[in-house]
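Working notes, structure below.
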Amino acid sequence: MKKGIKILLVDDSEVVRSGLRVMLEAEEDVDVVGDCTSADEALSQAGTLSPDVILMDMDMPGMDGIEATRCLKRNGLNCEADVIILAECTDYLVNALDAGAAGYLPKDMSRQELGQAIREVYEREHLPTDGDGFVEQVELLIPQPADAAQLRRFAGQVEATLQASIVETVGSWHWGAAITVLLEHTRLAGVLDRLWSMPDLEKVEELPTGVLPSLVGKFRTLLRSRTIPKTRLLVTLKETSVPGQELAVALN
């Protein structure tokens, strides 16, 4: 009998569920324990099937993926499974994370990307970290498109504020851009203080571990230190700077 990370699929499309099952059953350490056609069915089956990870479609008739996640994680059910929401765009990223999702991933992923994303979410949610409070690399993810002038201005502010060098900038106009900054061995608290001092920032809030592992893959040509747990922050820019823009900051 196959043993591995237990997956529950939730999508109203039979074609999508079948495709996901075929993709995941090709992974040696992933085991699909069930699939559901609606959020209501997922709520009733989660306790019985005891999945480790629930792959939840964002858009479904009736209760959508975000509300279903909120019911599982926030409204008294205390579901231990990590919920990953699959979506067409990043528009509902913040709402998904606020509802308790451990990941928010694009639907156009390859089998290898999806398998790796599931492993990263599962491992980063369950494996202990050293807790020393230090970081050596900062990765700024910009989920929504920003024009070149906005990106250049923000990159300059990051270098000046963190007193560090940007070692990589890559991007996609569909999924956004990523800026990787190399730091000295620096305390996270100090990095946060300096980020708060940036004039264009409205707020900074910490995200759960394991968030956005696949979005990173969409942005970057080279993924570094994938086995190192990451602390992620959500940074919202002031409207006078970049209206409606939100950043996910991954601190290695």
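The values are calculated or read from the model by the stated rules, or taken from the named source; none is laboratory data. Just so you know, these numbers come straight off a predicted model, no measurement behind them. Reconstructed Cβ throughout: ideal geometry from the backbone, glycine too, with neighbour counts over all protein chains shown.
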Out of segment 1-32, which residues are acidic (Asp, Glu), within 19 Å of Asp82 (Cα to Cα), buried (at least 16 other Cβ atoms within 10 Å of the Cβ) and touching a residue at least 40 places away in the same chain (Cβ under 8 Å)? Asp11, Glu27
With the condition kept exactly as written, say whether any residue in segment 110-123 is of a type in the set (Lys, Arg), more than 21 Å from Ser13 (Cβ to Cβ) and at pLDDT below 75. no
Among (1) at pLDDT below 90; (2) aliphatic (A, V, I, L, M); (3) closer than 21 Å to Ile118 by Cβ, the one test that Leu77 misses: (3)
Where residues in segment 1-36 are β-branched (Val, Ile, Thr) and out of contact with any strand residue (DSSP E or B) (no Cβ under 8 Å at 6 or more places or on another chain), which of them is farthest from Tyr122 (Cα to Cα)? Val15
